[in-house]
Amino acid sequence: METIFTKILEGKIPSVRLHEDELCFVILDINPVNKGHLLIITKESYPLLSDCPDSTLSHLMQVAKRADAKLREVLHCDATNLIINNGKASGQEVPHLHLHLIPRWENDKKNIHLQKETYTDGEMAEYGKTLEF
């Protein structure tokens, strides 16, 4: 399936590429939450996390770990967000597996926290029973 990421990989759309190997490539996000926001993208187009082989997922996390260290070293960020939007309802805009690695600083005033809910009495236990695997 052709996506904006396959077009970037093929050089049809310009990007600032920071890393590339046999399974993935890393670029700067063109619309960053904070400057230095990276996208770690699979070379093979997997629409969802569940479509991606475990070995590739493991590799993406290793690349994310190295990229995180680089962001902290060079940008001196206080923290990072590692986000996978997995399906349209989660905010995934491109149906091609990718990780967002976003540098964060204390008081950067960026709100990317999700609203939290609470369980009613006994509801958490019921969810637990039905979601065991």
message: Tell me the residue from THR118, THR130 that is of a type in the set (Val, Ile, Thr), loosely packed, with under 10 Cβ neighbours inside 10 Å, at negative phi and assigned to a loop (DSSP other than H, G, I, E, B), please.
response: THR118
query: When you go through LYS109, LYS116, LYS129 one by one, which is the residue that is of a type in the set (Lys, Arg), without any contact (Cβ under 8 Å) to a residue 12 or more places away in the chain and within 20 Å of GLY36 (Cα to Cα)?
result: LYS109
query: Mind checking which residues of the range 34-51 are surrounded by fewer than 17 Cβ atoms within 10 Å (Cβ to Cβ) and either charged (D, E, K, R) or in contact with a strand residue (DSSP E or B) (Cβ under 9 Å, 6 or more places away or on another chain) (or both)?
result: LYS35, LYS43, GLU44, ASP51
message: Give all pairs with beta carbons closer than 7 Å in which a residue from the range 11-26 that is within 13 Å of ILE41 (Cβ to Cβ) meets a residue that is polar (S, T, N, Q) and part of a strand (DSSP E or B); count only pairs at least 6 apart in sequence or on separate chains.
response: LEU23/THR42; CYS24/THR42
field: Residue among LYS12, LYS43, LYS35 that is in contact with a Cys (Cβ under 8 Å, 6 or more places away or on another chain), on the phi < 0 side of the Ramachandran plot and basic (Lys, Arg)
entry: LYS43
message: Condition first: within 30 Å of ASN107 (Cβ to Cβ), assigned to a loop (DSSP other than H, G, I, E, B) and among the aliphatic types (A, V, I, L, M). Can you find one or more residues in the range 68-83 that meet it?
response: no
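Just so you know, all these numbers are worked out from the coordinates, no wet-lab data involved. Note that the structure is a prediction, hence the values are computed from the model and not measured. Positions of Cβ are generated from backbone atoms using ideal geometry, with glycine treated the same way; all protein chains shown enter the neighbour counts.
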